Amino acid sequence: MKNKPKPDDRSDNVERIQANINHTIKNMELAEELIEKTDDRKMAKTLEEKNERRRDALEGFRAEIRDEALHQKRRDD
């Protein structure tokens, strides 16, 4: 007997995405603190590169939230 696919439950997507945004921002802030405290230029450069990727990820998360809001609005109309 095959398992039925689970229905697309998007009810908590915005909250999940927002939690990812908050976590990413926290990591960026921690990295910035380390960059300011370290004398290791290689580590500082690595952390700066990570934060650049995190900024890109934040843009993606925000786009996902916009998409999700539009989906919910269409569903509610």
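The values are calculated or read from the model by the stated rules, or taken from the named source; none is laboratory data. As the structure is a prediction and not an experimental result, all values here were calculated from the model. Here the Cβ positions follow ideal geometry from the backbone for every residue, glycine too, while neighbour counts run over all protein chains shown. Just so you know, the surface numbers come from the protein's heavy atoms only, side chains and all, with ligands and any DNA or RNA stripped out. Shrake-Rupley method; radii C 1.70, N 1.55, O 1.52, S 1.80 Å.
Some points to look at:
- Relative packing of 60-66, 34-40, which averages over residues the other C-beta atoms within 10 Å, highest first: 60-66, 34-40
- Rolling a 1.4 Å probe across the protein heavy atoms gives the chain an accessible surface of 85 Å² per residue.
- Mean Cβ neighbour count within 10 Å, used as a protection proxy, ranking 49-57, 24-32 highest first: 24-32, 49-57
- Computed over the Cα atoms of the chain, pair by distinct pair, the Kirkwood hydrodynamic radius stands at 15.0 angstrom.
- With all protein chains in place and a 1.4 Å probe, the accessible surface of segment 31-76 carries 50 percent carbon and sulfur.
- Taking every DSSP helix (H) stretch of at least 4 residues in the chain, weighting each as -39,500 (n - 2.57) and dividing the sum by the residue count yields a mean residue ellipticity at 222 nm of -28500 deg cm²/dmol.
- Seen against the Cα atoms of the chain and their longest principal axis, helix 41-76 is set at about 20 degrees.
- Helix 13-37 axis, angle to the chain major axis (alpha carbon atoms, nearest 10°): 0
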